[in-house]
Amino acid sequence: MNESAALFCTGVLTKLALDAFVFIDLKNIRYCCGFTGTDGAYIFTPQRDLFLSDSRYREQSRQQVVAARKICYRNKFDSVVETLKELGLKRIGFEADTLSVAQLQELSQRSGGELEWVPVSAPMRSLRACKSVEELALLQRAADLNAAAFVEIEEMIRPGISEKAIAFELEFALRRLGGEDRAFDFIVASGPRGAMPHGVASDRLLELGDLVTIDFGTRVAGYHSDETVTLGLGEVARDLRNIFDVVLEAHDLALAKAVPGMLLADLDAIARQHIASAGFGEFFGHGLGHGVGLDIHEYPAVSGRSLEQLREGMVITIEPGIYLPGRGGVRIEDTVVITATGCRTLTHISKKYRTLA
Ligand code: ZN
Ligand code: ZN
């Protein structure tokens, strides 16, 4: 674990009077010690950290994991409990959002009353929200792949091609350019389907007059890209063209105003009020954005309910949208990093109105 993460975790332990923390969440484990496998546990105490996994990951953890001690187990929870007892630790924190009730019961039974298990909600989220220079470089590379892949497939976005074909070609281009995997099920929503904010690509064939919303991303060393482009095909009806302009203005306003210290709810309100004042408030139902990192959607949410402040190094999306039932929709999304004086976009496909075909 790096120094700032260790300092942060020590702070959490001190505040809650805990002796140790057990991580089960794989993204938190990766963040703490570099392990990319699919099963393991990580124990943090201010004096030492320990990584536990089964024999499948012996070699991988030898190469990847930075921890004072590595333990190979037959049964994860047996090993976790034994290790904690052996170290004389008593009050143990765990991730309230990850560990299931059944798993907690198992841990408690095996502890035989010697360990006290204390739920802690999202213990790492506030640390993970602000990205290091290394993390930013990976997020930037993932965003660069989005732009490169989009250039490759743009030609294909024409009347007669299916939404699924666009999603497939994008995924293929991202993988060929070095992306790890798709970040999520790509959204390609054309014509009336654009009214579904999460319209996963279907067999619908694109038609002249459609707006087409494409929301996609990939991963580099576990870090995600997330970006949405809306394009026109040929002559687009005036009402749809109008909502495009309103969404782009809301997007640009939020980008211009984002600054450290601002409440996330206030950032959301800037875009939301613009859309509402144009008469489309009821057609923008989701939050303005979300954190992006090892998870595609992570803390903080950029929504009216978020009383967290923007902090330098936070990476969030700005993605206002308007969705008109039966007509179509627009979403425009960039991933940005909060800087000392404002924000800088990581994603860089042009968001200006463009018509293809
Ligand atoms: Zn997206
Ligand atoms: Zn997003």
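The values are calculated or read from the model by the stated rules, or taken from the named source; none is laboratory data. All values derive from a computational prediction rather than experimental measurement. In this analysis, Cβ positions are derived from the backbone assuming ideal geometry, glycine residues included, and neighbour counts consider all displayed protein chains. Heads up: the accessible areas ignore ligands, DNA and RNA and are worked out on the full protein's heavy atoms, side chains in. Shrake-Rupley method; radii C 1.70, N 1.55, O 1.52, S 1.80 Å.
If you go through segment 228-275 one residue at a time, how many are of a type outside the set (Val, Ile, Thr) and either at positive phi or open to solvent by less than 40 Å² (accessible area, probe 1.4 Å) (or both)? Give the derivation first.
Initial filter on segment 228-275 (of a type outside the set (Val, Ile, Thr)): 231-235, 237-242, 244-245, 248-258, 260-269, 271-274.
Imposing the further condition that a residue be either at positive phi or open to solvent by less than 40 Å² (accessible area, probe 1.4 Å) (or both) reduces the set to 231-234, 240, 244, 248, 250-251, 254-255, 258, 261-262, 264-265, 267-269, 271.
Counting residues in segment 228-275 that are of a type outside the set (Val, Ile, Thr) and either at positive phi or open to solvent by less than 40 Å² (accessible area, probe 1.4 Å) (or both) gives 20.
Checking Arg110, Arg158 one by one, the residue that is basic (Lys, Arg) and farther than 30 Å from Ile349 by Cα is Arg110 and no other.
Report the residue count in segment 323-333 for those that are open to solvent by less than 10 Å² (accessible area, probe 1.4 Å) and either within 16 Å of ligand 2 (Cβ to nearest atom) or assigned to a loop (DSSP other than H, G, I, E, B) (or both). Working first, answer last.
First pass over segment 323-333, keeping only residues open to solvent by less than 10 Å² (accessible area, probe 1.4 Å): 328-333.
In the following step, the residues that additionally are either within 16 Å of ligand 2 (Cβ to nearest atom) or assigned to a loop (DSSP other than H, G, I, E, B) (or both) were identified as 329-333.
Selection size over segment 323-333: 5.
Mind listing just one residue for me: the one in segment 108-130 that is more than 30 Å from Val337 (Cβ to Cβ) and of a type in the set (S, T, N, Q) and, of those, most open to solvent (accessible area, probe 1.4 Å)? So the residue we want is Gln109. Arg141: surrounded by fewer than 17 Cβ atoms within 10 Å (Cβ to Cβ) and in contact (Cβ under 8 Å) with a residue 40 or more places away in the chain, yes or no? Taking the combined requirement at face value, the residue does not satisfy it. For segment 27-47, state whether one or more residues are polar (S, T, N, Q), outside the structural domain of Glu298 (by TED's automatic domain parsing), over 20 Å from Ser126 (Cβ atoms) and touching a strand residue (DSSP E or B) at 6+ places or on another chain (Cβ under 7 Å). Within segment 27-47, one or more residues are polar (S, T, N, Q), outside the structural domain of Glu298 (by TED's automatic domain parsing), over 20 Å from Ser126 (Cβ atoms) and touching a strand residue (DSSP E or B) at 6+ places or on another chain (Cβ under 7 Å). Does segment 52-62 contain at least one residue that is under 22 Å from Gln109 (Cα atoms) and crowded, with 18+ Cβ neighbours inside 10 Å? Within segment 52-62, one or more residues are under 22 Å from Gln109 (Cα atoms) and crowded, with 18+ Cβ neighbours inside 10 Å.
Of all the numbered requirements in (1) touching a strand residue (DSSP E or B) at 6+ places or on another chain (Cβ under 6 Å); (2) free of Cβ contacts under 8 Å to residues at least 60 places away in the same chain, Leu7 misses one, and that requirement is (1). State the number of residues belonging to segment 235-292 that are aromatic (Phe, Trp, Tyr) and either within 16 Å of ligand 1 (Cβ to nearest atom) or part of a strand (DSSP E or B) (or both). Here the count works out to 1.
Looking at segment 334-355, which of its residues are open to solvent by 20 Å² or more (accessible area, probe 1.4 Å) and assigned to a strand (DSSP E or B)? Correct list: Cys343, Arg344, Thr345, Thr355. Has segment 187-203 got at least one residue that is in contact with a helix residue (DSSP H, G or I) (Cβ under 9 Å, 6 or more places away or on another chain), modelled with pLDDT under 95, β-branched (Val, Ile, Thr) and farther than 27 Å from Cys33 by Cβ? There is at least one residue in segment 187-203 that is in contact with a helix residue (DSSP H, G or I) (Cβ under 9 Å, 6 or more places away or on another chain), modelled with pLDDT under 95, β-branched (Val, Ile, Thr) and farther than 27 Å from Cys33 by Cβ.
Tell me, yes or no, whether segment 165-173 has at least one residue that is assigned by TED's automatic domain parsing to the domain that holds His224, among the small types (Gly, Ala, Ser) and at positive phi.
Taking segment 165-173 first, the residues assigned by TED's automatic domain parsing to the domain that holds His224 are 165-173.
From what's left, among the small types (Gly, Ala, Ser): 165, 167, 173.
If we keep only those that are at positive phi too, we end up with none.
Checked segment 165-173: no residue is assigned by TED's automatic domain parsing to the domain that holds His224, among the small types (Gly, Ala, Ser) and at positive phi.
Report whether or not Gly179 is assigned by TED's automatic domain parsing to the domain that holds Phe150 and in a helix (DSSP H, G or I). No, not satisfied.
With the structure loaded, tell me whether Glu82 is in a helix (DSSP H, G or I) and acidic (Asp, Glu) or whether it fails that test.
Values: in a helix (DSSP H, G or I): yes; acidic (Asp, Glu): yes.
Yes.
I'd like to verify a number: residues in segment 293-309 that are without any contact (Cβ under 8 Å) to a residue 40 or more places away in the chain and more than 16 Å from ligand 1 (Cβ to nearest atom), how many?
Number satisfying all stated conditions: 1.
Hey, any hits in segment 198-213 for a residue that's open to solvent by less than 10 Å² (accessible area, probe 1.4 Å), part of a strand (DSSP E or B), touching a residue at least 12 places away in the same chain (Cβ under 8 Å) and away from ligand 2 (no atom under 16 Å from the Cβ)? Yes: segment 198-213 contains one or more residues that are open to solvent by less than 10 Å² (accessible area, probe 1.4 Å), part of a strand (DSSP E or B), touching a residue at least 12 places away in the same chain (Cβ under 8 Å) and away from ligand 2 (no atom under 16 Å from the Cβ).
Counting the residues of segment 220-237 that are within 16 Å of ligand 2 (Cβ to nearest atom), more than 15 Å from Ile157 (Cα to Cα) and not small (Gly, Ala, Ser) gives 4. Checked against the criterion of being without any contact (Cβ under 8 Å) to a residue 24 or more places away in the chain and open to solvent by less than 10 Å² (accessible area, probe 1.4 Å), the candidates Ile43, Ile71, Ile29 yield just one match: Ile29. Exactly one residue out of Leu136, Leu104 is part of a helix (DSSP H, G or I) and not assigned by TED's automatic domain parsing to the domain that holds Glu227, and it is Leu104.
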